[in-house]
Amino acid sequence: MKFKDNHEDISVLNLHEGHRGRLRERLLRNNFSDADDYQILEYMLTLVVKRRDTNELAHTLISTFGSLAGVFDASIDDLEQVKGITHTMAYFFHSVPYIFRNYKLSKAKPKAIITCAQDVFNYLGYCIYHLPEEEFYMILLDGGNRVISHKIISIGGNSQVAINGKDAVKFASKHKAKKVVLVHNHPTASCVASEEDIETTKRLYMMFSIQNIGVFDHLIVDSQENFYSFAHEGFIAKFEKECNQLFKDDTYS
């Protein structure tokens with residue numbers, strides 16, 4: 001019986017560990033400020049891959065998806081098509097934008113006052129503009145335009161979401177909101193409102209109005225941090241006028 005000499009394997013492992021330690025020290029020393037995309041991926045891979053060279057795999061990911069953002073925005077299925085990427089690794093990278101969203105949302109100031117579209121973007125739009133999938137949110141305001149809370153209404157693909165207006169109105173009523181702000185992102189398109197966006201906003205405006213809840217604004221944000229305000233574009237005032245006329249006609253009919 002022959003016993004395998006593991007001396008060479010141990011030397012290779014020590015070499016990998018030494019490289020990982022130097023990489024970690026270099027990146028953390030400068031808070032990742034001067035790190036290349038592949039180095040950040042290599043560092044992240046060391047957190048989930050044991051006893052294996054991760055440098056080549058990091059380069060392969062950048063070559064496949066083009067950038068750090070491209071890797072994080074990729075679907076789990078696309079990530080798993082890369083040789084060497086396991087199911088766990090794919091979930092790890094795919095979850096990064098959403099963890100970052102929750103990180104930013106957790107820093108949102110409680111009882112912030114919303115007075116304009118820029119306030120809306122600063123409070124919530126900035127938290128979701130980077131997401132690869134469309135998400136629709138609602139911010140609840142009290143009578144002084146102070147934030148009560150926020151809630152995600154729907155999650156869709158990269159181009160549209162389905163909105164349950166009844167649930168949104170029910171949630172706002174339960175929390176005694178006087179006004180709401182609607183916010184959603186356009187992952188692959190400009191922030192300019194589509195006809196579907198306009199019709200959806202009008203429908204929601206009418207539903208909230210029936211419960212005496214105002215719609216302060218609806219903000220659409222795109223991946224370049226631009227935003228489109230329904231209030232600024234005159235749609236909220238237009239919907240208010242149409243809604244008042246509709247209620248007036250119902251009163252005298």
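The values are calculated or read from the model by the stated rules, or taken from the named source; none is laboratory data. Being a predicted model, the structure only gives us computed values, none of them experimental. As a convention, Cβ positions derive from the backbone with ideal geometry for all residues, glycine included, and neighbour counts pool all protein chains shown.
Just a few scattered comments:
- Taken over the range 114-127, the criterion of being modelled with pLDDT of 95 or more and either of a type in the set (A, V, I, L, M, F, W, C) or assigned to a loop (DSSP other than H, G, I, E, B) (or both) is satisfied by 114, 115, 116, 117, 120, 121.
- Residues in the range 70-88 that are assigned to a helix (DSSP H, G or I) and either in contact (Cβ under 8 Å) with a residue 24 or more places away in the chain or touching a Phe, Trp or Tyr at 6+ places or on another chain (Cβ under 7 Å) (or both): 71, 72, 73, 76, 79, 88.
- Within the range 89-113, if we keep just the residues that are part of a helix (DSSP H, G or I) and of a type in the set (Ser, Thr, Tyr), the residue that is surrounded by the most Cβ atoms within 10 Å (Cβ to Cβ) turns out to be 98.
- Residues of the range 34-56 that are touching an Asp or Glu at 6+ places or on another chain (Cβ under 8 Å) and in a helix (DSSP H, G or I): 55 alone.
For (1) under 13 Å from the mean Cα position of the chain (by Cα); (2) over 22 Å from residue 59 (Cβ atoms); (3) modelled with pLDDT of 95 or more; (4) not small (Gly, Ala, Ser), each residue gets a yes or a no:
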| residue | (1), (2), (3), (4) |
| --- | --- |
| 78 | no, no, yes, yes |
| 84 | no, no, no, no |
| 93 | no, no, yes, yes |
| 102 | yes, yes, no, yes |
| 109 | no, yes, no, yes |
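- If you go through the range 193-230 and keep only what is part of a loop (DSSP other than H, G, I, E, B) and closer than 22 Å to residue 164 by Cα, you end up with 193, 194, 211, 212, 213, 230.
- Residue in the range 162-171 that is crowded, with 19+ Cβ neighbours inside 10 Å, assigned to a helix (DSSP H, G or I) and of a type outside the set (Lys, Arg) present: yes
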